[in-house]
Amino acid sequence: MIKKDPFSALRIKEFRWFLSMRLAMVLAWSMQFVLVEWEVYSITKDPWSLGLIGLMEVIPAISMALFAGHIVDQNEKRSLLLKCLFALTSLSALMTLLVKSDISHILSKEYVLYGIYALVFLGGIVRAFIIPSVFSLLGLIVPKKEYANAATWSSSTWQIAAVFGPAVAGFSIGWIGVFWSMVIVVVCLLVAFFGLLQIEKKPILNPKKGEPITKSLKEGISFVFQNKTVLNAISLDMFAVLFGGAVALLPVFAQDILKVGSEGFGILRAAPAIGGLITMLIATSIPLNQNAGKKLLIAVFGFGICIIIFGLSTNFWISVVALFLSGVTDGISVVIRQTILQIYTPDHMRGRVSSVNSIFVGSSNELGAFESGLTSKLMGVVPAVVFGGVMTLVVVGVMGVTSPKFIKLNIDKELES
């Protein structure tokens, strides 16, 4: 048996720049989301306002996703991503000015709150283009035989940023305040912009350049719904994230239930990301391709159990462990799903397929935040989290019964073909 090189994709120079860009961008992204959560809850003291943050981002992200996928497939990916990063940096700079204490004294809290929601909404539009651009660019940087390894490293890099982003944001709120924490976000985005500049422009592989948008979108949607492997993978993850969106309520747990302040909030926010990071780093040496379908179902089931335990816990460290283990199981899910998408998606359809995936999965993070905010308003914070975990288990059970072929999925066989 040939031993696989866990660092094979890292030997590609442009892929290393790609990871650097993604690390800085996601670090900024994850920091800003935490900072916005903290600022909004500090203003309103209402869990419903946290749900609205997710809603403000998910509305444009979903409504623009398919159009964005079409644009990505019709254009050069690196140039388009540069424009997106510039727009994202500009919005973050405006957010930084908005949360500055002097501005907050001039404007009423209501205007500051509405301004934050407006900038989050515009950020959702930009994000609709960023997700398919990043996914498509990755497929043009590495050869197909390295897709699995590259997807694992890319997901690990995302997770590293997701570890440090919430932790840095949580601690920096207490140390330097929200304004200077937002300055760090802007700096990270500038670093991401520089990293992307080191990657050369890529060819447009779409043989149907100039195709009417309605026909293009129909082709992308049809591919996803006809390819049951892709459909099952993103559907399973979508429902897990949708119902397991407990992290959106972490400011409530940190301030009102566990009473651990901003430092404890940072630890809670970082715990699932640390678990996911460890899993992904292990996955670079121990691939998850064998029996991938079964492993994905088991991982999502474990994720649901962890969310239930977190919801019921009143002990800070039990809550931290539950979130850590939710990150471990979610890490397995992310690696398998990203590998499936990279392998089963044709080059000329990456933008559209990634956009459909962002509707199913990417936006379900924000939709999950909205769901958590809504259910917490209706039934209370703890019952809302437990309800989400239980619904995740139900989804796994339904998928296991209705998709026996997916359970037998073996990615290695596809790579060998």
- What residues have an amide H closer than 5 Å to that of Asn291, excluding those fewer than 5 places away on the same chain, when H is modeled at 1.01 Å from N in the peptide plane? Ile411
- Query: Per residue of the chain, what 222 nm ellipticity follows from adding -39500 (n - 2.57) for every DSSP H run with n ≥ 4, rounded to the nearest 500?
  - Reply: -27000 deg cm²/dmol
- Task: Treating only the Cβ atoms of Lys and Arg (+1) and Asp and Glu (-1) as charged, compute the dipole magnitude of the chain about its Cα centre; round to the nearest 20 debye.
- Result: 1100 debye
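For the cross-link pairs Lys77/Lys405; Lys218/Lys377; Lys45/Lys77; Lys83/Lys215; Lys144/Lys215, which exceed 30 Å when the distance is taken from alpha carbon to alpha carbon?
Lys77/Lys405; Lys218/Lys377; Lys45/Lys77
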- Take each uninterrupted DSSP H stretch in the chain, measure its Cα extent along the helix axis, and return the ones at 15 Å or beyond whose mean Kyte-Doolittle hydropathy is at least 0.0. 13-44, 47-74, 77-99, 109-141, 147-175, 177-197, 213-226, 228-243, 261-283, 292-312, 316-344, 381-402
- Sort the following peptides by mean Cβ neighbour count (other Cβ atoms within 10 Å, averaged over residues), highest first: 76-83, 383-390. 383-390, 76-83
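Provide the packing ranking of 196-202, 51-57, 218-224, i.e. peptides ordered by the mean count of other C-beta atoms within 10 Å per residue, highest first. Mind showing how you got there, number by number?
Working: 196-202: 15.1, 51-57: 23.6, 218-224: 17.1.
Final packing ranking: 51-57, 218-224, 196-202.
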- Message: Taking the beta-carbon count within 10 Å as an exposure proxy, list Leu378, Leu88 from fewest neighbours to most.
- Response: Leu378, Leu88
- Message: Explain nothing, just the number: dipole magnitude of the stretch 1-102 about its Cα centre with +1 on each Lys and Arg Cβ and -1 on each Asp and Glu Cβ, in debye rounded to the nearest 20.
- Response: 640 debye
- Net charge of neighbours whose Cβ lies under 14 Å from the Cβ of Gly380, counting Lys and Arg as +1 and Asp and Glu as -1: -1
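By counting other Cβ atoms within 10 Å of each Cβ, how are Val335, Val36 ranked from fewest to most?
Going from least to most buried by this count: Val36, Val335.
Ranking Phe310, Phe225 by Cβ neighbours within 10 Å, fewest first, what do you get? Walk me through the intermediate numbers first.
Values: Phe310 30, Phe225 11.
Ranking Phe310, Phe225 by Cβ neighbours within 10 Å, fewest first, gives Phe225, Phe310.
Readers should treat all values here as calculations from the given coordinates under stated rules, not as data from a laboratory. Note that the structure is predicted; figures quoted are calculated from it, not measured. Heads up, the Cβs are rebuilt from the backbone with ideal geometry, glycines too, and the neighbour counts pull from every protein chain shown.
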